[in-house]
1. Kindly indicate whether residue 72 is at pLDDT below 80, surrounded by 10 or more Cβ atoms within 10 Å (Cβ to Cβ) and either aromatic (Phe, Trp, Tyr) or not in a helix (DSSP H, G or I) (or both).
2. Scanning region 9-46 for residues that are in a helix (DSSP H, G or I) and of a type in the set (Gly, Ala, Ser), which turns out surrounded by the most Cβ atoms within 10 Å (Cβ to Cβ)?
3. What do you reckon, is residue 52 at pLDDT 75 or above, within 23 Å of the chain's Cα centre (by Cα) and hydroxyl-bearing (Ser, Thr, Tyr)?
4. Could you run through region 47-60 and say how many residues are assigned to a helix (DSSP H, G or I) and of a type in the set (S, T, N, Q)?
Amino acid sequence: MGVVGIVGIATLSWFLVTKVLLTGTNLFAAILLISFFVFAILSLVFVILNESLKEKKANPMLGGELNEAKNTGKLLEDKPFEPVPSVVENSTELLYAKNKTQKL
């Protein structure tokens, strides 16, 4: 698509230079048409650059740099450890086994 656009702009420029500007017919119209195409190209470049900047702000990894330095040497804060209580905690009773070696 880029090659087609370049060929189209080159053809239009050639036509404007040879048929309009050199002959002197419709000089004002040729200048307006050239101004329109310059404005259209600059507008397209602005939109592409603006969208590119929005994407870089949304995802900083696309830009290749980090916005802020991460402090990786800092230790995590110690939180008090509280073990999770068991389901069978304080519910078991000791079972006494009969002593088979004991004589009655």
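1. Details: at pLDDT below 80: yes; surrounded by 10 or more Cβ atoms within 10 Å (Cβ to Cβ): no; either aromatic (Phe, Trp, Tyr) or not in a helix (DSSP H, G or I) (or both): yes.
For residue 72, the condition - at pLDDT below 80, surrounded by 10 or more Cβ atoms within 10 Å (Cβ to Cβ) and either aromatic (Phe, Trp, Tyr) or not in a helix (DSSP H, G or I) (or both) - is not met.
2. Initially, region 9-46 is screened for residues in a helix (DSSP H, G or I), giving 9-21, 27-46.
Subsequent filtering for residues that are of a type in the set (Gly, Ala, Ser) retains 10, 13, 29-30, 35, 40, 43.
On the way: 10: 10, 13: 12, 29: 11, 30: 18, 35: 10, 40: 10, 43: 10.
Filtering first and then ranking leaves 30.
3. Numbers: at pLDDT 75 or above: yes; within 23 Å of the chain's Cα centre (by Cα): yes; hydroxyl-bearing (Ser, Thr, Tyr): yes.
Considered against the rule, which asks whether it is at pLDDT 75 or above, within 23 Å of the chain's Cα centre (by Cα) and hydroxyl-bearing (Ser, Thr, Tyr), residue 52 comes out as yes.
4. Looking only at region 47-60, we keep the residues that are assigned to a helix (DSSP H, G or I), and these are 47-58, 60.
Next, from what is left, pick out any that are of a type in the set (S, T, N, Q): 50, 52.
Total satisfying the criteria: 2.
The values are calculated or read from the model by the stated rules, or taken from the named source; none is laboratory data. Computed from a prediction, not measured in an experiment: that's the story for all the values here. Neighbour counts are summed over all protein chains in view; Cβ atoms, including those assigned to glycine, are modelled from backbone coordinates with ideal geometry.
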